[in-house]
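Let me begin by presenting the structure, written as structure tokens, before commenting on it.
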Amino acid sequence: MSKIGAAILTVLDPLFPKPVHPFNLNNAGEKTYAQWQFEKAEDTIRFYLERYTPEQMFAGKTVLDCGCGEGGKTTYYASLGAKHVVGIDIVPAYEQRATDFARQKGYGDVFEFCLTDATKLPYPDGTFDTIIMNDFIEHVNKPEEALKEGLRVLKPGGRLYTNFPPYYHPYGAHLSDAIGMPWVHVFFSDDTLIRVYKKKVAPLPDGADRVRFRFSKDEKGKEYISYINKMTIARFEGILRRLEIHPVYYNLTPLRKVVAPLAKTRLFRESMNKMVTCVIEKPTGPTHG
């Protein structure tokens with residue numbers, strides 16, 4: 001069936017324009033991933049600006065940026081007056097690129113890259129004033145553990161800012177660097193998506209890297225999409241309940257104003273919201289459990 005699905009998707013996909021993606025910009029020589037991150041970094045905090053100013057989030061703060069990639073957005077946070085910023089990621093190739101980019105922008109003395117798993121941070125309790133999890137929580141294998149670990153290293157009174165596109169967002173499959181059809185993951189199986197994606201990126205100079213980045217094999221040798229954990233709004237809210245977390249700010253942003261009424265309904269909120277935004281403030285009393 002995946003062969004039939006792949007044939008159908010191969011015919012349909014060219015009808016939809018692909019969103020701008022940093023991997024493709026890098027291949028075209030237009031800008032690096034780090035440059036793209038830096039230029040788009042303002043967008044990573046705009047969902048919080050109804051409640052908090054950039055100064056409240058970063059000025060004079062010790063900041064942890066989870067899933068920093070090549071450090072472009074982390075460097076941007078440094079430019080907003082952070083005292084010290086640490087970007088973490090699990091991709092070894094990002095370390096030198098991120099460090100070099102921060103130096104090029106003049107923030108090498110403020111920036112630090114740490115190659116580590118977000119569920120096992122090498123920092124003492126209460127290290128950071130601000131933690132940013134931008135487009136991050138939908139990627140980690142153990143999102144609940146990542147949140148718990150983030151709260152552990154957050155200072156009492158500090159804030160953890162997290163935002164992510166829910167899985168049933170039009171491009172929630174995170175394959176739009178090669179597949180432009182919106183909601184493609186709703187209409188086609190994972191096997192079909194993997195087959196078509198691999199075929200589309202095969203001719204690209206970084207095609208093999210993209211495949212390794214997005215797919216893995218389970219213990220039986222079956223390939224699956226490992227780059228995302230299919231985080232939905234309902235699943236995220238369930239994690240908050242289990243951890244007994246009560247956000248100080250929580251918001252769902254609809255795809256468009258015109259669909260805002262639909263986005264509030266139980267039937268359509270998973271597919272008609274483009275962003276989940278959540279701010280958690282660590283109590284100043286006993287350490288959060």
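Only bridges whose two residues both fall in the chain count here: according to DSSP, what percent of them are antiparallel, nearest 5?
On the way: 15 of 34 bridges.
For the chain, the DSSP antiparallel bridge percentage is about 45.
Quick check: net charge around ILE239, other residues with Cβ under 14 Å of its Cβ, Lys/Arg +1 and Asp/Glu -1?
0
Arrange the residues ARG159, ARG97, ARG266 by how much accessible surface each exposes, largest first, with a 1.4 angstrom probe.
ARG266, ARG97, ARG159
Name the lysines eligible as straight-distance cross-link partners of LYS155: C-alpha to C-alpha under 20 Å, and not fewer than 8 places from it in the same chain.
Correct list for LYS155: LYS61, LYS83, LYS120, LYS282.
From the helices alone, meaning DSSP H stretches of at least four residues, give me the mean residue ellipticity at 222 nm for the chain, per-run term -39500 (n - 2.57), in deg cm²/dmol to the nearest 500.
-10000 deg cm²/dmol
Assuming 0.36 nm per residue, please report the length gained on full extension of the stretch LYS264 to PHE187 beyond their Cα-Cα distance.
On the way: separation 77, 0.36 × 77 = 27.72 nm, distance 2.29 nm.
Full-extension gain reported as 25.4 nm.
Give the accessible area for LEU262 in Å² (nearest 10); use a 1.4 Å probe, count only protein heavy atoms, and leave out ligands, DNA and RNA.
Looks like 80 Å² after rounding.
Per-residue HN-Hα couplings for region 31-37, Karplus 6.51 cos²θ - 1.76 cosθ + 1.60 at θ = phi - 60°, whole Hz, x for Gly and Pro?
Karplus values, whole Hz, x for Gly and Pro: 6, 7, 4, 4, 4, 4, 4.
Give the distance, in whole Å, between the Cα centre of region 7-51 and the Cα centre of region 59-78.
If we compute the Cα centre of each part, the gap is 19 Å.
In the neighborhood of THR99, defined by Cβ-to-Cβ distances under 14 Å, what is the net charge if each Lys or Arg adds +1 and each Asp or Glu adds -1?
Charge balance near THR99 sits at -4.
Can you give me the solvent accessible area of TYR224 with a 1.4 Å probe, rounded to the nearest 10 Å²?
100
Subtracting the Cα-Cα distance from 0.36 nm times the residue separation, let me have the gained length for ASN229 to VAL11 in nm, one decimal.
Taking 0.36 nm per residue and subtracting the Cα distance, the gain is 75.7 nm.
Can you tell me what share of the DSSP beta bridges in region 131-289 is antiparallel? A percent to the nearest 5 is fine.
Looking only at bridges with both residues in region 131-289, the antiparallel portion is about 80 percent.
Long-range amide H contacts for MET275: which residues qualify at under 5 Å (H placed 1.01 Å from N, peptide plane, sequence gap of 5 or more or a different chain)?
Answer set, sorted by chain and number: THR253.
Could you give each residue of region 7-18 its phi-based ³J(HN,Hα) in whole Hz, using Karplus coefficients 6.51, -1.76, 1.60 with θ = phi - 60°, and x for Gly or Pro?
Those phi angles translate into 5, 5, 5, 4, 6, 6, 4, x, 6, 10, x, 7 Hz.
If you stretched the chain out fully between LEU240 and ASP206, how much longer would it get, using 0.36 nm times the residue separation minus the C-alpha to C-alpha distance?
Full extension of this stretch gives 8.5 nm more.
List the relative contact order of region 147-217 as a percent without decimals, with contacts defined as Cα pairs under 8 Å and 6+ residues apart.
Across region 147-217, relative contact order equals 17 percent.
Given the pairs LYS142/LYS200; LYS40/LYS148; LYS73/LYS142, which span a C-alpha to C-alpha distance of over 25 angstrom in this model?
Values: LYS142/LYS200 30 Å; LYS40/LYS148 28 Å; LYS73/LYS142 23 Å.
Those over the limit are LYS142/LYS200; LYS40/LYS148.
The values are calculated or read from the model by the stated rules, or taken from the named source; none is laboratory data. Computed from a predicted model, the values in this text were never measured in an experiment. Note: ideal-geometry Cβ built from the backbone for every residue, glycine included; neighbour counts use all protein chains shown. Calculation scope for accessible area: heavy atoms of the full protein, side chains included, ligands and nucleic acids excluded. Shrake-Rupley method; radii C 1.70, N 1.55, O 1.52, S 1.80 Å.
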